[in-house]
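The values are calculated or read from the model by the stated rules, or taken from the named source; none is laboratory data. All figures in this text were calculated on a predicted structure; none of them were measured in a lab. Cβ placement follows ideal geometry from the backbone for every residue including glycine, while neighbour counts extend to all protein chains displayed. Side chains included, ligands, DNA and RNA excluded: accessible areas come from the protein's heavy atoms. Shrake-Rupley method; radii C 1.70, N 1.55, O 1.52, S 1.80 Å.
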Amino acid sequence: GLFGVGQTPSFLAVRVGAPVGDVAALTSTNIAVAALLGRLLLGERFTAVQGLALVCSLGGAVLVCRPTFVFGSSDGEQVPIIGYLLALCSGFSRACVYLVVRKAPEVHSTWFTLVTILFTIICWV
């Protein structure tokens, strides 16, 4: 539930000025982060090929955002760094949802949904 609510930062990232495409790219790192966390926290198998894919995925997400430290700034417009950090937090939170579901397979998905709704209501009130 708590990690489900953690997806909210992606909406906030756009509100503070981060481009929607950049937020989508950074949030989509959730699969790569889930694979890494699965290895670190659950002891799941992780091959060299998967490691290379992880590095390429994360690097690609960063390059899609066209960071000024790599590409420079063409129009002089600065995007607040908080927007990018919120998008990364959202991706991390989604990765944690995958780990929780993986760790508790006997819990029915309805409970995950209801707890997420409850936490969302509490957080927004």
Selection status of residue 48, loosely packed, with under 14 Cβ neighbours inside 10 Å and at pLDDT 80 or above
yes
Residues (of a type outside the set (Ser, Thr, Tyr) and either outside any helix (DSSP H, G or I) or under 12 Å from the mean Cα position of the chain (by Cα) (or both)) located in the range 42-57:
43, 44, 45, 46
Looking at this structure, is residue 115 open to solvent by 50 Å² or more (accessible area, probe 1.4 Å), at pLDDT 85 or above and of a type outside the set (Asp, Glu)?
no
Every listed condition ((1) open to solvent by less than 70 Å² (accessible area, probe 1.4 Å); (2) part of a helix (DSSP H, G or I); (3) at pLDDT 75 or above) holds for residue 39 save (1)
